[in-house]
Amino acid sequence: MSDMRDELLEPVEATVSDNFKHRAMTHMERAFDDADDDGIPVDAVAHAALFAALTTLVECFGEESVARLVAELPEKISSGSYTLLRTLQ
């Protein structure tokens with residue numbers, strides 16, 4: 001299996017990839033809103049989405065590539081990469 005970074009960083013289809021990612025995020029936001037409307041707690045939806053994302057990534061890129069990606073998450077989370085509303089000092 002190829003390394004996930006190689007495929008994600010290829011400049012050939014960067015604009016197409018960005019468009020797909022933006023459209024996918026719009027779908028995810030709608031799914032979260034729909035679940036909330038149905039009374040499903042947002043944290044339950046987030047856990048299900050994370051599980052679905054990881055299993056899909058493993059299927060697409062293999063366990064080793066996904067393990068390397070996930071190993072970088074603690075540092076990114078701690079540095080605020082996934083914090084939407086934060087105060088910059």
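The values are calculated or read from the model by the stated rules, or taken from the named source; none is laboratory data. Just so it is clear, the model here is predicted, and its values are computed rather than measured. Reconstructed Cβ throughout: ideal geometry from the backbone, glycine too, with neighbour counts over all protein chains shown.
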Quiz item: Applying the selection to segment 4-40, what residues are modelled with pLDDT of 55 or more and among the aliphatic types (A, V, I, L, M)?
Solution: Ala14, Val16, Ala24, Met25, Met28, Ala31, Ala35, Ile40
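Return the residues of segment 47-74 that are surrounded by 13 or more Cβ atoms within 10 Å (Cβ to Cβ) and on the phi < 0 side of the Ramachandran plot; say none if nothing qualifies.
First pass over segment 47-74, keeping only residues surrounded by 13 or more Cβ atoms within 10 Å (Cβ to Cβ): 48-49, 54, 57-58, 60-62, 65-66, 68-69.
Ala48, Ala49, Leu54, Leu57, Val58, Cys60, Phe61, Ser65, Val66, Arg68, Leu69, listed by residue number.
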